[in-house]
Protein chains: 2
Amino acid sequence: MFDNINIVLVGITHPGNIGAAARAMKTMGLSKMRLVQPKQFPNADATARACGADDILFNVQVFDSYEESLQDCHLVFGASARQRMIAWPVLTPKACAEQALQLQAPIAIVFGRENSGLTNKELEHCNYLVQIPTDNTFSSLNVAAAVQVITYELRMEELKQGNFDSPLPPPVSAESMEQLYQHLEQTLIDIKFLNPNHPRLLMRRLRRLFNRTQLVDSEINILRGILTATQENIK
Amino acid sequence: MFDNINIVLVGITHPGNIGAAARAMKTMGLSKMRLVQPKQFPNADATARACGADDILFNVQVFDSYEESLQDCHLVFGASARQRMIAWPVLTPKACAEQALQLQAPIAIVFGRENSGLTNKELEHCNYLVQIPTDNTFSSLNVAAAVQVITYELRMEELKQGNFDSPLPPPVSAESMEQLYQHLEQTLIDIKFLNPNHPRLLMRRLRRLFNRTQLVDSEINILRGILTATQENIK
């Protein structure tokens, strides 16, 4: 159950939070945890706070690179506590759960650092933000508590559906998307639409556009074909 | 907000859990905590884990007697992790939230000890049980995590119909989309990616892609800018 859903924790400082998140996951039937640059792991505090969810900690995948941790994932949700400067599609936990359960390919739900969450640059890799609607005056949600709420909604959604039918054709992997963005960026430089010395927000805006589209393989092929044809025809 | 809803914690052993519960409550806009026979309170661990929700701890009401802590409450929900021997009406967190918000009089949502929860005798004081549907093989929900889930549902119920949708402006008109497609088609012919005598399904596929993206004005401008730059740079 939920075998394709990866909970990705980025830059966690307090190992106790890793344990508490594992416990939260396990109560809701999830098992796949990934850690990106945890400050301390494995760690006794993590094990203590896991309170019996040791199997999740034992099977954790640890990554040095954020991008690498998402490489095989076809849909990425980034948990974000705050309003961000950049407009990105924002889902409620319930809407996130609905979307997540439609897909049978690997997906990631990403949670950021205790104090600062995910950076804007990290959020740009996400198809959607998911926001737990905290009180305006106090949005300081503990990371394991956030994991608890999101996984609770996954479980409620799964109990509601009772079955998985007619999954959508899976979107391409994050790796394919990165290759597309690199190709696109280079082409935009080639046609002098993007000045690499003054890139402004152009690539971010294009990421926002294509990330929310959930491209499938045949579409990536078309878009990369267009980029290649453009490059071949530049004077 | 939620001024009539009391979160009642009974017989908590670890003061850190009291702090974490206060933090959970505050993120969801609740403020009224009651403690029945806490093992240690006030306590530095509680304050540390409250992480800024000190006002809730400062205003906590501490009771020696369970009955007394509920005396002024008109509706009492008891959180219960397990199936109980006694048949009692059991609500989901969502149903609990719906019921709770119907009443303007003081109500209580009661959470039990870390290891054993509420006793059957304590549950008998409740109008309803509320059960977070944990995985059958691992129901060990941390008490502050349980408070987080229940208060999250209270907040979601309160914000029901509230708008957390994408902060994106409305999509562009069909006319703008047609102009984009014409510009795109001409450019694809210019770079020899599209053969007008054998167009195949290319434009249809691109329409499918961009139609489901629901482009906004600024994005149309970027895309048309890219097309113009491409046309200007063709050899």
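Each value in this text was obtained by applying a stated rule to the coordinates, not by laboratory testing. All values derive from a computational prediction rather than experimental measurement. So basically every Cβ, Gly included, is an ideal-geometry build from the backbone, and we count neighbours across all protein chains shown.
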- [ ] Determine which lysines satisfy two conditions relative to B:Lys160: a Cα distance under 26 Å, and not lying fewer than 8 residues away in the same chain.
- [x] A:Lys94, A:Lys160, B:Lys26, B:Lys32, B:Lys94
Open item on the list: Under 8 Å for C-alpha pairs, at least 6 residues apart: give me the relative contact order for chain A, rounded to a whole percent.
Closed with: 22 percent
Open item on the list: If each label sits 7 angstrom from Cα along the C-beta direction, how far apart, in nm, is B:Thr137 from its counterparts in the other copies?
Closed with: 4.5
TODO: For peptide A:135-144, compute the average count of partner chain beta-carbon atoms within 10 Å of each residue's beta-carbon.
DONE: 6
Open item on the list: Ordered shortest first, which distances in nm separate the 7 Å Cα→C-beta label point of A:Leu159 from those of the other copies?
Closed with: 2.2
Open item on the list: How big is the dipole moment of segment B:5-158 about its Cα centre under a simple scheme where the beta carbon of each Lys and Arg is +1, that of each Asp and Glu is -1, and everything else is neutral? Debye, nearest 20, please.
Closed with: 280 debye
Task: With Cα atoms, 0 to 90° folded angle of helix A:143-161 axis to chain A main axis - done: 90 degrees
Task: For segment A:25-33, Karplus couplings with θ = phi - 60° (6.51, -1.76, 1.60), whole Hz, Gly/Pro x - done: 4, 5, 4, 9, x, 9, 9, 9, 10
TODO: Within 10 Å, count the other beta carbons around each residue, average over each peptide in A:19-27, B:63-71, and list them highest first.
DONE: A:19-27, B:63-71
Task: Ranking of A:Glu153, B:Glu157, A:Glu175 by count of other Cβ atoms within 10 Å, fewest first - done: A:Glu175, B:Glu157, A:Glu153
Open item on the list: Skipping prolines and chain starts, which residues have an amide H placed within reach, meaning under 5 Å, of the one on B:Val110, given they are 5 or more residues away or on another chain?
Closed with: B:Val8, B:Phe77, B:Gly78, B:Ala79
TODO: Would you mind checking the tilt of helix B:202-211 against the longest principal axis of the Cα atoms of chain B, expressed as 0 to 90 degrees and rounded to 10?
DONE: 30 degrees
Task: Averaged over A:26-33, number of beta-carbon atoms from partner chains that fall within 10 Å - done: 5
- [ ] Calculate how many DSSP beta bridges within the protein assembly as shown are antiparallel, expressed in % of all such bridges and rounded to the nearest 5.
- [x] 10 percent
Task: Exercise: per-residue mean of other protein chain Cβ atoms within 10 Å, A:205-214 - done: 4
Open item on the list: Going 7 Å from Cα along the Cα-Cβ axis for the label, what nanometre distances separate A:Arg200 from the same residue across the other copies?
Closed with: 3.5
Task: Selection from A:Ser140, A:Thr27, A:Thr230, by position along the positive dipole direction of chain A (Cβ) - done: A:Ser140
Task: Theoretical ellipticity at 222 nm over the protein assembly as shown - DSSP helices of four or more residues, -39500 (n - 2.57) apiece, nearest 500 - done: -13000 deg cm²/dmol
